[in-house]
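One structure is given here, and the rest of the page talks about it.
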Amino acid sequence: HLTTSSLEILAAYRKRQILQDLLEVLKFLQELKSTNEKIENLLKAGSYYEAISLLLQNKNRSEKYSEYKCTELFKQQLQDTIDSVEIALDKSLNGITTKFDAKLYSELINGYKLLGKAHLAMDQLHMNFISTIHTSAFNVLKENLDQTAIADQKLLFEQMCENLSLEQITNCITQLSKSFWRILVCYYQVKMWHHNYKLYSQDDDNAFNDEYFQEKLKKGELRIWTDVQAKITIFINSTKLSH
């Protein structure tokens with residue numbers, strides 16, 4: 001009787017432990033649902049760092065319950081959310097090339113650092129600046145061209161310059177210069193943000209990252225300025241300036 005009673009107590013205790021573990025999983029899943037809503041609100045507010053921190057915390061917690069099949073779907077949802085956050089980060093980073101916002105940029109860089117992609121973000125930013133120069137030049141020319149004359153034609157930048165009417169040349173070069181100047185100013189603001197961060201940051205772990213950023217920004221400055229000059233040179237050489 002004593003042995004039977006002891007075994008019953010142990011069995012009851014084991015069942016209770018299993019139920020407590022299951023209850024903990026259910027609580028986690030319930031918290032996860034409310035956390036997803038919070039993350040969406042944080043992303044809308046531009047609080048990328050806090051949103052990514054929450055995501056990574058939940059991802060680490062979900063690993064604890066990997067033995068339960070019911071968590072597989074939620075783990076996949078977490079990964080999908082992380083992927084969508086990265087897309088949002090990339091989109092916002094591209095916007096920095098024409099409208100620099102120090103607070104937003106801080107959120108973006110710190111968010112990328114949490115994801116372990118700070119260096120990739122800097123590489124991507126430089127590609128964004130170069131792409132923005134070409135896109136801006138193309139858009140300015142397109143706005144100033146006679147659309148009926150170039151309908152359904154895919155013209156190169158040089159050909160677009162050649163098709164400009166005499167009346168549009170002055171307006172076009174002015175718009176081009178303003179557009180390029182805006183991009184250069186944003187690049188300078190990015191450079192100064194990293195310079196100031198290096199001066200005032202107390203985090204020694206980021207010293208290597210900051211050195212990489214400074215070197216990348218220094219090299220990129222010449223590349224971007226060269227691209228700007230190239231576009232202006234093409235414009236001057238391709239348009240009819242004799243008048």
For the pair LEU23/PHE138, report the inter-label distance in nm, with labels modelled 7 Å from Cα in the Cβ direction. 6.1 nm
Got a number for the accessible area of ARG223? Probe 1.4 Å, square angstrom, nearest 10. 120 Å²
Show ASP227, ASP83 ordered by accessible area, largest first, where the area counts protein heavy atoms only and the probe is 1.4 Å. ASP83, ASP227
The chain, helix-only ellipticity at 222 nm - DSSP H runs n ≥ 4, -39,500 (n - 2.57), divided by all residues, nearest 500: -29000 deg cm²/dmol
Loop trypsin sites (Lys or Arg not before Pro), the stretch 72-153 (other Cβ atoms within 10 Å of the site Cβ: 12 or fewer; DSSP): LYS99
Largest first and in whole Å, give the semi-axes of the stretch 1-43's equivalent ellipsoid, each being the square root of 5 times a Cα gyration tensor eigenvalue. 41, 4, 4
Over the chain, what relative contact order in percent results from Cα pairs under 8 Å that are six or more residues apart? 19 percent
Low-density loop GluC sites (Glu not before Pro), the stretch 18-91, at most 14 other Cβ within 10 Å, DSSP non-H/G/I/E/B, are GLU67
Could you pull the accessible area for VAL25 with a 1.4 Å probe, rounded to 10 Å²? 0 Å²
I'm a student and want to see the number: the projected area of the Cα convex hull of the stretch 1-90, averaged over all directions, in nm². 6.5 nm²
If every Lys and Arg gets +1 and every Asp and Glu gets -1 at its Cβ, then about the Cα centre the stretch 62-105 yields a dipole, in debye to the nearest 20, of 180 debye
Residue among ASN171, ILE52, VAL185 farthest towards the positive dipole end of the chain, charges placed on Cβ: ILE52
At q = 0.17, 0.24, 0.28 Å⁻¹, what is the base-10 log of I(q)/I(0) for the stretch 57-122 according to the Debye formula with one equal point scatterer per Cα and no solvent? Please give it to two decimals. -0.67, -0.99, -1.18
Just the C-alpha atoms of the chain: what Rg/Rh do they give, with Rh taken as the Kirkwood radius? 1.24
At 10 °C and 1.306 mPa s, what whole-number value in µm²/s does Stokes-Einstein give for the translational diffusion of the stretch 49-177, with Rh from the Kirkwood sum over Cα pairs? 87 µm²/s
The chain - accessible surface per residue (Å², probe 1.4 Å): 64 Å²
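The values are calculated or read from the model by the stated rules, or taken from the named source; none is laboratory data. Being a predicted model, the structure only gives us computed values, none of them experimental. We place every Cβ from the backbone using ideal geometry, glycine too, and count neighbours over all the protein chains shown. These area figures cover heavy atoms from the full protein model, side chains too; ligands, DNA and RNA do not enter into them. Shrake-Rupley method; radii C 1.70, N 1.55, O 1.52, S 1.80 Å.
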